[in-house]
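Chemist: Before I ask anything, here is the structure I am working with.
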Amino acid sequence: MMNGVLAGVRVLDFGRYIAGPYCATLLGDFGADVIRVEKIEGSEDRYLVPLAETGEGGLFLQMNRNKRSLTLDPMTEEGREIVRKLVATADVVVANLPPPTLKAMGLDYDSLKASKPDIILTTVSAFGAGGPYSHKVGFDGVGQAMSGSAYMSGDESGPRRSFAPWVDFGTALASAFGTLAALMSRRDTGQGQMVEGTLLRTAMTFTNSLLIEQALTQINRVPTANRGQTSAPADILKTADGWIMVQVIGQPLFRRWVKLIGEDHWLSDPRFKDDISRGDHGEIISARMAQWCAARTSAAALAALEEARIPAGPVYMQQEILDDPHVAALGMLRPMAFPGLDGEAPIVESQVKLSATPGGLHARAPMLGEHTETILAELGYGAAAIAALRARGVV
């Protein structure tokens with residue numbers, strides 16, 4: 001186990017897919033001992049888009065690095081006893097499971113406190129507790145849809161969901177932040193607490209400024225696809241051989257853009273006097289920038305934009321990201337082997353860098369039940385007892 005700022009903190013990860021598991025992953029990156037507890041046959045997220053001979057997929061390899069694996073049936077009495085013993089050794093329990101399931105598994109807050117009075121329970125749900133939607137299930141795309149993001153990302157043909165599951169990842173980040181805050185509070189008070197992350201709240205946080213504007217002005221914005229609405233040019237534009245993103249915000253950058261294209265009249269036209277005015281007339285500015293881009297290759301356009309100090313970048317396909325020299329220079333991707341995998345999986349390093357206590361990837365994702373015997377032995381189970389538990393299908 002790598003030493004880190006969270007060394008000595010034990011996390012039990014009962015999460016699935018992204019929001020719960022990635023919260024635990026972030027804690028593991030910085031030294032926490034994270035135990036992933038899953039079904040004996042393996043949980044469904046382990047086998048999503050399979051790549052390894054044993055079925056593990058890319059999402060699992062990313063979400064579960066720096067973790068140990070324990071397989072367990074917590075619906076049996078012996079399984080619940082193992083859960084109680086595990087909880088007694090833990091600091092944090094992470095679970096993105098419905099409240100009835102938490103209760104049945106003995107993972108509701110009251111049950112956890114009975115085993116460990118200062119435990120921290122971090123839960124993730126689609127809608128949160130207390131409202132009329134609390135009983136509903138949901139994934140990332142539901143959050144995108146109900147926050148206004150999918151609508152505003154679309155065009156006249158209809159809404160568009162982002163391919164990247166940013167609601168799940170955003171909820172995981174917020175939940176990890178909340179868990180760290182709860183650990184700091186416990187250090188001072190000796191008390192544990194519940195940390196609740198919700199997909200809808202996360203998604204609405206990302207779209208909050210749009211909601212504020214709507215509440216105060218009733219503007220009822222309509223989608224414009226890639227083109228921004230509060231500044232210009234801010235768009236994805238076609239070059240002679242590809243696509244690039246250009247984003248001009250603020251008067252200094254707009255002046256640089258005018259100088260770049262060599263047309264001073266844009267500065268005296270009242271339609272383009274400030275960001276919001278330029279956003280209101282963004283279609284005109286995007287059309288002009290589209291002409292400028294179409295006459296150049298992506299490399300030539302990006303070089304000119306860089307010389308003018310205007311934010312811009314290429315629209316990459318997957319292989320282009322893997323081949324990018326800056327990504328390589330900063331070591332953003334860590335190649336990690338996994339049994340039965342044809343090659344090494346490029347896992348993105350920890351998102352945030354600390355100068356004195358850096359996190360990092362120190363262990364690949366675990367094979368199913370790879371650490372079951374070791375973890376049970378740490379709880380005091382002998383070899384014969386573990387064999388008996390296996391024979392009865394408890395682990």
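A short reminder: the numbers here are calculations on the coordinates, not readings from a lab. Here the structure is a predicted model, which means the values were calculated and not measured. Using ideal geometry, Cβ is built from the backbone for each residue, glycine included, and neighbour counts are taken over all protein chains shown.
Chemist: Determine the dipole magnitude for the chain: charges of +1 sit on the beta-carbon of Lys and Arg, -1 on that of Asp and Glu, nothing else is charged, the reference point is the Cα centre, and the result goes in debye to the nearest 20.
Modeler: On the way: 37 positive and 44 negative charges, 126 e Å.
My answer is approximately 600 debye.
Chemist: Once Lys and Arg get +1 and Asp and Glu get -1 on their Cβ, which of A126, I18, A182 lies farthest toward the positive end of the dipole of the chain?
Modeler: Value: A182.
Chemist: Please give the contour-minus-distance gain from S277 to W166: 0.36 nm per residue of separation, less the Cα-Cα distance, rounded to one decimal in nm.
Modeler: Going from the current span to full extension adds 37.0 nm.
Chemist: Remind me, relative contact order of the chain in percent, using alpha carbon pairs under 8 angstrom and six or more residues apart? Don't skip to the end; give the middle numbers.
Modeler: Numbers: 706 pairs, mean separation 75.2, N = 395.
Relative contact order of the chain: 19 percent.
Chemist: Moving to a separate point now. If R0 is 22 Å, what FRET efficiency do you get for R392 and E41 from their C-beta distance, rounded to 0.05?
Modeler: Values: r = 15 Å, r/R0 = 0.70.
It comes to 0.90.
Chemist: If you place +1 on the Cβ of every Lys and Arg and -1 on the Cβ of every Asp and Glu, how big does the dipole about the Cα centre of region 164-253 come out, in debye to the nearest 20? Please report the intermediate quantities before stating the final value.
Modeler: Numbers: 6 positive and 6 negative charges, 15 e Å.
The calculated dipole for region 164-253 is roughly 80 debye.
Chemist: Continuing with the same structure: Past 30 Å, Cα to Cα, is the threshold; run K238/K259; K67/K103; K113/K136; K238/K353; K273/K353; K116/K353 against it and keep the listed order. Could you put the intermediate results ahead of the total?
Modeler: Numbers: K238/K259 21 Å; K67/K103 25 Å; K113/K136 26 Å; K238/K353 35 Å; K273/K353 40 Å; K116/K353 32 Å.
Long pairs (Cα-Cα over 30 Å): K238/K353; K273/K353; K116/K353.
Chemist: Another question about this same structure. Quick one: of the DSSP bridges fully inside the chain, what percent are antiparallel, nearest 5?
Modeler: Values: 14 of 35 bridges.
Among the beta bridges of the chain, antiparallel pairing accounts for roughly 40 percent.
Chemist: Return the single residue from A164, A356, A232 with maximal mean-square fluctuation; model: Gaussian network over the chain, springs between Cα atoms under 10 Å.
Modeler: Evaluated over the chain, the most mobile residue of the options is A356.
Chemist: Ok, one more. Using a 10 Å Cβ count of at most 16 others and DSSP loop calls, identify the longest part of the chain lacking such chymotrypsin sites (Phe, Trp or Tyr not before Pro). Mind showing how you got there, number by number?
Modeler: Numbers: sites that count: Y133, F139, F163, Y316.
In short, 164-315.
Chemist: Let me ask something else about it. Picking from T198, T123, T54, which is most flexible by a Gaussian network model of the chain using Cα springs under 10 Å?
Modeler: Looking only at T198, T123, T54, the largest GNM fluctuation is found for T54.
Chemist: Which residue fluctuates most in the GNM of the chain (Cα springs below 10 Å): L330, L200, L211?
Modeler: Of L330, L200, L211, the most mobile in the Gaussian network model is L330.
Chemist: Whole-Hz ³J(HN,Hα) for each residue in region 354-366, computed from phi via Karplus 6.51 cos²θ - 1.76 cosθ + 1.60 with θ = phi - 60°, x for glycine and proline: what do you get?
Modeler: 10, 6, 9, 10, x, x, x, 8, 10, 8, 5, 4, x
Chemist: Now for a separate question. Please report, in debye to the nearest 20, how large the charge dipole of region 1-158 is about its Cα centre when each Lys and Arg carries +1 at its beta carbon and each Asp and Glu carries -1 there. Before the final figure, lay out each step's value.
Modeler: Numbers: 15 positive and 20 negative charges, 90 e Å.
I would put it at about 440 debye.
Chemist: While we're looking at this one, here's another question. Put +1 on the Cβ of every Lys and Arg and -1 on every Asp and Glu Cβ in region 256-382; which of Q291, P339, P325 then has its Cα farthest towards the positive end of the dipole?
Modeler: After comparing all options, I get Q291.
Chemist: Follow-up. Tell me what the chain gives for mean residue ellipticity at 222 nm when only DSSP H runs of n ≥ 4 count, each as -39,500 (n - 2.57), the sum divided by the residue total, rounded to 500 deg cm²/dmol. Intermediate values should be presented prior to the final figure.
Modeler: Details: 19 runs with 166 residues, N = 395.
Helices in the chain give a 222 nm mean residue ellipticity of -11500 deg cm²/dmol.
Chemist: Quick check: the distance between the Cα centres of region 200-234 and region 324-374, to the nearest angstrom?
Modeler: Using only Cα atoms, the two centres lie 36 Å from each other.
Chemist: Could you tell me the distance between the Cα centroids of region 269-320 and region 162-178, to the nearest Å?
Modeler: Using only Cα atoms, the two centres lie 29 Å from each other.
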